[in-house]
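**Q** Can you keep this structure in mind? I'll have questions shortly.
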There are 2 protein chains.
Amino acid sequence: MSSPAKHNCSVCSLKKICLPTGVGKDELERLEALVQDTKVHHTSDEVIRQESPFRNLYAVKSGMYKSVKLNDLGEERVVGFHLPGDIIGLDAIYTKTYSSSLVALTTSVLCQFNYDQLVLLSAKMPTLQAQLMRLSSKEINIANAFQNAQTAEQKLAGFIHNLSARNAERGFSSTQLILSMSRQDIASHIGMAPETISRILKQFQSNDILIINKREMKILDPARLLISTGCAHA
Amino acid sequence: MSSPAKHNCSVCSLKKICLPTGVGKDELERLEALVQDTKVHHTSDEVIRQESPFRNLYAVKSGMYKSVKLNDLGEERVVGFHLPGDIIGLDAIYTKTYSSSLVALTTSVLCQFNYDQLVLLSAKMPTLQAQLMRLSSKEINIANAFQNAQTAEQKLAGFIHNLSARNAERGFSSTQLILSMSRQDIASHIGMAPETISRILKQFQSNDILIINKREMKILDPARLLISTGCAHA
DNA sequence: CGATGTATTGAGCATACTCAATCAGTGTGG
DNA sequence: CCACACTGATTGAGTATGCTCAATACATCG
């Protein structure tokens, strides 16, 4: 399921978007010391169990994870996908228990931070405190992002555009995407049937907006993709 | 548009859910001193303009506000409704500009906190820092709340249930609700046509789940309302 | 090579939208 | 004081979008 690994924030390529952002070089060591361990997970590994008590924040070091929420009727819903540099668990600070389970979508690595220790440290490090608030604020924006979409086309275009933008933010390609998640997962996340996902992807392909082969996607026309989201005009 | 008013957190009935939560009595004075002013607004007053630079967080003291987002196509969308004790602007910490406009839905009062000063103060007050993180975390949960709803009935039931729960949290009635917003606003917020709102409210009434007269709603059967949200079973 | 999980395609149908008319409540001016 | 317009809410009829159910294709794996 997982094995320990050595860790060092200062050499991590994600420090520009992760917790260390804005933290001074000397202070970084104190933050590093707080990373209790770094674990490797494999596809379908459950890392966090829904309803378990909140203790740690996690940062994605590599790979991809999904958050899955189960309601009282036993229906599953994918709440979000997590890319390298993403902080997981910020929503549980308020509820004191994790509101969803965390599952690895591919071979992935996670860094673990004890929240109480992080708070103690941030009281002494204004830059860390500021970054914690920024990341929390960012999470609110992410959660609100899908509010705009009305039609299935807009929802799916919005999802792809968003994934592309997050990839770009991390220095990855914004046009060449690997969908580590299944169509089923995408469908669950944006609230539509997997069959509709297929049909609209086909439509995007025949309009030369993108090419998709299994789980590899190439965006040909980012501008028209943006128009399809219903957020911008031609 | 607005007139200054005297302010005092210590005697405010909302301190149990607002910024002062967890802050000691002696420290409260320092937080109070930070409230630059308290303004009275009237129906349709625009308090924050979308895209304007972020400087302040706001707390609702009384009444109700809505956040409205305009996209590049000129389409308006209600992003949220704000009840007394709610903190407004947490999403703008990351973006540095307000992502939506704030409009009063009825005669309402707002407290204003300069964010930079709040951060400086929270560096010296761990309890205030903790509450800022808790409130930010809470906001993530609120933003994720509507993810579950599939059908129009579930969306509307979820909206009413949520409003009822937030009312209860503030010590107001959970069964007697005043809808300060229009049907149009509700429709925009939960993403459906105002006509459908009418029809489903009618359906809830004929099923004796609630009674609605203009903008006054009485919830008769909270249990069946919860079932209608699709989050619980009979 | 069959078996399994994932993705796609097809056909029929239901939900919720659009468009249009009506109704109720509020405010304005003659 | 009442006629008129104006806004918001409701009701009705027709339609389209996206879901459901079912079959098929495709890939991976033991």
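**Q** If we hang a label 7 Å off Cα along the beta carbon direction at A:Asn8, how far is it from the matching labels on the other copies, in nm, shortest first?
**A** 5.9
**Q** Work out, step by step, the length gained on full extension between A:Thr151 and A:Lys124: first 0.36 nm times the residue separation, then minus their alpha carbon distance; give nm to one decimal.
**A** Separation in residues times 0.36 nm, less the Cα-Cα distance, equals 4.9 nm.
**Q** Something else about it: Round to the nearest 0.05 the FRET efficiency obtained for B:Ala234 and A:Lys16 when R0 = 45 Å and r is the Cβ-Cβ distance.
**A** 0.35
**Q** Continuing with this model, one more query. Quick one: what Rg and Dmax do you get for the range A:123-163 from the alpha carbons, in Å?
**A** Here Rg and the maximum Cα pair distance are 15.1, 48 Å.
**Q** Another one. Tell me, what does the Kirkwood hydrodynamic radius of chain B come to in angstroms if you use every pair of distinct C-alpha atoms?
**A** When all Cα pairs of chain B are included, the Kirkwood radius is 18.8 Å.
**Q** In addition: How big is the A-B contact in terms of buried accessible area, both chains counted, 1.4 Å probe, rounded to the nearest 100 Å²?
**A** 3500 Å²
**Q** For label points placed 7 Å from Cα toward Cβ, what is the shortest-first list of nm distances from B:Gly22 to its copies?
**A** Listed shortest first, these distances are 1.9 nm.
**Q** Now for a separate question. Under a 10 Å cutoff between Cα atoms, tell me which one of B:Met125, B:Met133, B:Met192 has the largest fluctuation in the Gaussian network model of chain B.
**A** Residue with maximal mean-square fluctuation among B:Met125, B:Met133, B:Met192: B:Met133.
**Q** Something else about it: Taking 8 Å as the Cα distance limit and 6 or more residues as the minimum spacing, I'd like the relative contact order of chain A as a percentage.
**A** Over chain A, the number comes to 19 percent.
**Q** Only residues of the range A:63-78 count here: report those whose backbone N is under 13 Å from the spot 7 Å along Cα→Cβ of A:Gln184, or say none.
**A** Label zone hits: A:76-78.
**Q** While we're on this one: Taking R0 as 45 Å, what's the FRET efficiency between B:Leu220 and B:Gln50 from their Cβ-Cβ distance, rounded to 0.05?
**A** 0.70
**Q** Put a dot 7 Å past each Cα toward the Cβ at A:Thr43 and B:Lys202; how far apart are the dots in nm?
**A** 5.1 nm
**Q** Okay, moving on. Please average, across the residues of A:140-152, the number of beta carbons from any other chain that are within 10 Å of each residue's own beta carbon, and give a whole number.
**A** 6
**Q** Moving to a separate point now. Find how many whole Å separate the alpha carbon centroid of the range A:131-175 from the alpha carbon centroid of the range B:126-190.
**A** 22 Å
**Q** Any lysines with Cα under 25 Å of the B:Lys15 Cα? List them, leaving off those in the same chain fewer than 8 positions away.
**A** A:Lys96, B:Lys6, B:Lys25, B:Lys39, B:Lys61, B:Lys66, B:Lys124, B:Lys138
**Q** Which Rg and Dmax, in Å, describe the Cα atoms of the range A:9-144?
**A** Final numbers for Rg and Dmax: 14.6, 50 Å.
**Q** For A:128-139, what's the mean count of beta carbons from other chains sitting within 10 Å of each residue's beta carbon?
**A** For peptide A:128-139, the averaged partner shielding equals 6.
**Q** Let me ask you something else. Which whole number of Å³ per residue matches the convex hull of the alpha-carbon atoms in the range B:1-78?
**A** It comes to 122 Å³ per residue, whole-number rounded.
**Q** Hey, could you pull the Cα Rg and Dmax for the range B:149-228, both in Å?
**A** Cα only, the range B:149-228: 11.5, 32 Å (Rg, Dmax).
**Q** Turning to a different aspect of this structure: Residues of A:221-230, mean number of Cβ from any other protein chain within 10 Å of their own Cβ, rounded to a whole number?
**A** Taking the mean over all residues of the peptide, I get 1.
**Q** Also: How far is B:Pro126 from itself in the other copies, in nm, if each label sits 7 Å out from Cα along the Cα-Cβ line, shortest first?
**A** Copy-to-copy label distances for B:Pro126: 1.9 nm.
**Q** List the pair-distance distribution P(r) of the range A:69-136, using every Cα-Cα distance, as the percent of pairs falling in each 10 Å bin from 0 up to the bin containing the longest distance, rounded to whole percents.
**A** 16, 44, 30, 9, 1
**Q** Obtain the nm distance between the two label points defined at A:Leu70 and A:Asn8 by a simple spin-label model: each point lies 7 Å from its Cα along the Cα-to-C-beta direction.
**A** Distance between label points: 4.1 nm.
**Q** Let me ask something else. Considering only the other residues whose Cβ falls under 10 Å of the Cβ of B:Tyr94, what net charge follows from Lys and Arg at +1 and Asp and Glu at -1?
**A** +1
**Q** Within the range B:149-228, what whole-number % of the accessible surface is contributed by carbon and sulfur, with the 1.4 Å probe and all protein chains included in the calculation?
**A** The computed percentage sits at 51.
**Q** Please work out the Cα convex hull volume for the protein assembly as shown and give it in Å³ per residue.
**A** Enclosed volume per residue, from the Cα hull, is 148 Å³.
The values are calculated or read from the model by the stated rules, or taken from the named source; none is laboratory data. Computed from a predicted model, the values in this text were never measured in an experiment. Every residue, glycine as well, gets a Cβ built from its backbone with ideal geometry; the counts of neighbours run over all protein chains shown. Accessible surface is based on the protein model in full, side chains and every heavy atom, while ligands, DNA and RNA are left aside. Shrake-Rupley method; radii C 1.70, N 1.55, O 1.52, S 1.80 Å.
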